[in-house]
Amino acid sequence: MVDKKTIDKLEPEKAIELFLQGKEHWNKWVKDNPEFHIDFSDIDFSNIHSEQNELSFEEFKFPFGFVSFKNANFGNKKVSFNGVNFGGGDVLFSDAKFGDGDVLFSNSNFGVGKVSFHKATFGAGKVSFAHSNFGGGKVSFVNVNFGQGDIYFSCADFGEGNVLFNGAKFGQGSVFFKETKFGNGDALFNDVDFNSGALSFNKTIFGEGDVSFSKASITNGKTFFTNVSFGEGNVSFDRTNFGCGDTKFSQSIFGNGNLSFEQATFGNGAVLFDNIKFGNGNVLLNNTCFGNGNKSFEKSIFGQGNVSFSKAIFGNGKISFSSCNFGEGDVSFGNANFGNDSTIFNHTKFGNGAINFVDSIFGNGDVSFTRAIFGKGEVAFTKTRIGQGNVSFKGTDFGDGNLYFQGVSFGNGNTSFLGAKVGDSDINFTRVIFGQGDVSFNRIDIKGRLDINYSDVSKCTSFIFKGATFGNYLSLENLKFQCVPDFTGTKLTNQLDLQSVEVTLKRKQKWWTVKEAENKVDIQRLRRLKEIAENNKHHEKSLEFHALEMKAKRWNDFNALQSFLDILYSITSNYGISILRPLVALFTTFVCFSYIYSKLINVFISSDVYKVTFLSLANSVPFLNLSRDARSHTMQSIIGMNLDAAYFTMGVQSLFSIIFIFLIGLGLRNRFRI
């Protein structure tokens, strides 16, 4: 390479004089002088007369050496450098001022030196570097003001050097980098203000260097990064403002460097990251703020690095991670806010890293993890808050990692784990708040332990374990159901302790004060609960569930007479559970019949009080021989008693007494049953 200091320079006055002689003369001079510096610095081209108000360098060839248009003023003319070959040296347009005419560098060929448009100013016209070829040097558009026209870098090739657009400002026109190729240097767009109608990097190829749009601002139009290929360097969109239009990264490919959108802000347009292939670096969207448009990461593939959406705010649009494939790194949505629309992770596959939804907030839309697959890592939904929508884990495979739902607050939608599978891990639902919807663990298959302890289930309309298989211990502690939990068809391999489980049978008014069960299927559910209690030798709970079962049968399986008798059985002994009730009834019978006997004496004297009391007491235990002798002696000692009425009354009292004594015995037997 020739030393620049030994090359002669064509001074500005001479350069203008040669330029005015036209392209043919210029190119002939360059052919004769292949090594020369060309200096147009500080030239005011606005004073140069030109046809059609156009300043043209089209297809000019420059010698080997630097080319300088530093601080040149091009006025409002159309300026064309189309097809120019700038030679092999540096090309400098620093502080150049272009007016409102179009500025064209299409199909230009920059040499291997650096190219600088640092602090250049463009006017309202179109600016085009389409199909230009930049050499191996650094390319700088730092702090350039591009004006209000459309900007084209489509199909440009930036070579192997660093490309800097830091601090550049684009106007209201659209900006196109479609199918542009960046080399292995860094591509930096930090603090750029695009302020454009549309921004397109579609099908652009970035090399192995870092790519950064940190603190860039896109305030108006749509943003397209579809089918972009990023190299192995780090990619940063930290604190980028994507404005109000749609933002699309669909079908792009990221290399193995880290990717960051931390503290980025998206507007209310759609945000599409679908069908993306992420590399093995970390993918970070911490504190990212999405607007109210739909967000899609559908069918995207994440690599082996960690993925984090911690403290992200997703706005109110639909959120979809359906059919995503997360790699082996940790995945975090901790403290994320998912807005009020639906959130979908259907058919999503998580790797073996830890999955974190701790303290995240789901709004009032549906939340679905239907047929999602989790790996061997820990899955934590601890203290997650879910709004009024339905929650679905139907057919989900939770893998072999422990699963934590402690402190989760479910809303009033339905919650379903229908057909879910859990490996040898434990599931913890301690201190969970369930809302007013149905809760279903139908046909869930759990090989590990399931704990549902100290949780609020009082608002649930139903709680169903029908057909579930529990391979280990199932713990239900301090639960107060206002419905009948369904354990029909469940397979339990260990003892299920229902000691601290309270069940309330839902009943509706049939007529007046008479009630009947709302759901006839509760009969089967209570029968299954009774069976579980009996298998565990838990007699008190067995009797409790039996009593509720009888109430459920009333007016359903029982006819009117049977139902009436069942009511009496319930009132007098609580289905053989109570000792106090029949004891009180027996005492009440004794008192009432004492009074009746007194009314059967024609002339009642004070000494007869003792006699009628003793007679009623004797009839309270009619099966004793002593009572029989006492009745006979007392009857003979009472003067003026209506014997026919007395004998009938004694028979009635004896019948009631036998019934109540039987119920007392039944209560004692059930109380002290071994």
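The values are calculated or read from the model by the stated rules, or taken from the named source; none is laboratory data. Computed from a predicted structure; not experimentally measured. No Cβ is skipped: glycine too gets one built from the backbone with ideal geometry, and neighbour counts run over all protein chains shown. Heavy atoms of the whole protein, side chains included, go into the accessibility calculation; ligands, DNA and RNA do not. Shrake-Rupley method; radii C 1.70, N 1.55, O 1.52, S 1.80 Å.
Quick look at the numbers
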| item | result |
| --- | --- |
| Among (i) 41.9; (ii) 36.2; (iii) 30.5, the entry derived from the coordinates for mean projected area of the Cα convex hull in nm² | (i) |
| Dipole axis of the chain (+1 Lys, Arg; -1 Asp, Glu on Cβ), positive-most option in LEU259, ASN234, TRP26 | LEU259 |
| Rh by Kirkwood over Cα pairs, then Stokes-Einstein D for segment 394-484 at 1.002 mPa s and 20 °C, µm²/s | 165 µm²/s |
| Neighbour-limited loop hits for trypsin sites (Lys or Arg not before Pro), segment 46-84 (at most 14 other Cβ within 10 Å; DSSP other than H, G, I, E, B) | none |
| Selection from PHE648, PRO485, ASN71 lying farthest towards where the dipole of the chain points positive, charges on Cβ | PHE648 |
| Relative contact order of segment 449-509, defined on C-alpha pairs under 8 angstrom at six or more residues apart (%) | 37 percent |
| Radius 12 Å from Cβ of GLY363, net charge of other residues (Lys, Arg +1; Asp, Glu -1) | 0 |
| Proximal aspartates and glutamates relative to LYS376, as straight alpha-carbon distance under 19 Å, when same-chain residues fewer than 8 apart are discounted | GLU328, ASP330, ASP397, ASP400, ASP424, ASP426, ASP445 |
| Cα-centred dipole magnitude for segment 40-88, charges only on beta-carbon of K, R (+1) and D, E (-1), debye, nearest 20 | 140 debye |
| Check: segment 66-132 dipole with +1 on Lys, Arg Cβ and -1 on Asp, Glu Cβ, in debye | 80 debye |
| Violating pairs (Cα-Cα greater than 26 angstrom) within the set LYS491/LYS515; LYS138/LYS299; LYS394/LYS459; LYS466/LYS530 | LYS491/LYS515; LYS138/LYS299 |
| Under 14 Å from LYS506, Cα to Cα: aspartates and glutamates that are on another chain or at least 8 residues apart | ASP486, GLU516, GLU518, ASP522, GLU549 |
| Share of carbon and sulfur in the accessible heavy-atom surface of the chain [1.4 Å probe, %] | 49 percent |
| Stokes-Einstein D in µm²/s, Kirkwood radius over Cα pairs - segment 105-193 at 37 °C with 0.692 mPa s viscosity | 259 µm²/s |
| Percent of C-alpha pairs per 10 Å bin, segment 331-466, short to long | 14, 48, 36, 2 |
| Spatially proximal lysines relative to LYS611 (Cα-Cα < 30 Å; intrachain offsets below 8 disregarded) | LYS599 |
| Net charge dipole size for the chain [Lys, Arg +1 and Asp, Glu -1 on Cβ; Debye, nearest 20] | 3860 debye |
| Cut-off under 5 Å, modelled amide H: who pairs with GLY489 long-range | GLY467 |
| Reduced Cα scattering model of segment 1-142, Debye log10 I(q)/I(0), q = 0.09, 0.14, 0.20 Å⁻¹ | -0.23, -0.59, -1.33 |
| Pairs from LYS28/LYS203; LYS349/LYS383; LYS178/LYS277; LYS510/LYS537; LYS311/LYS447 whose Cα-Cα separation, in the structure shown, is over 30 Å | LYS28/LYS203; LYS510/LYS537; LYS311/LYS447 |
| Scaled radius of gyration (Cα, divided by 2.2 N^0.38 Å) that segment 465-616 gives | 1.49 |
| Kirkwood hydrodynamic radius (C-alpha pairs) into Stokes-Einstein, segment 185-234, 4 °C and 1.567 mPa s, D in µm²/s | 113 µm²/s |
| Tilt relative to the chain, helix 23-32 - C-alpha long axis, 0 to 90 degrees, to 10 | 80 degrees |
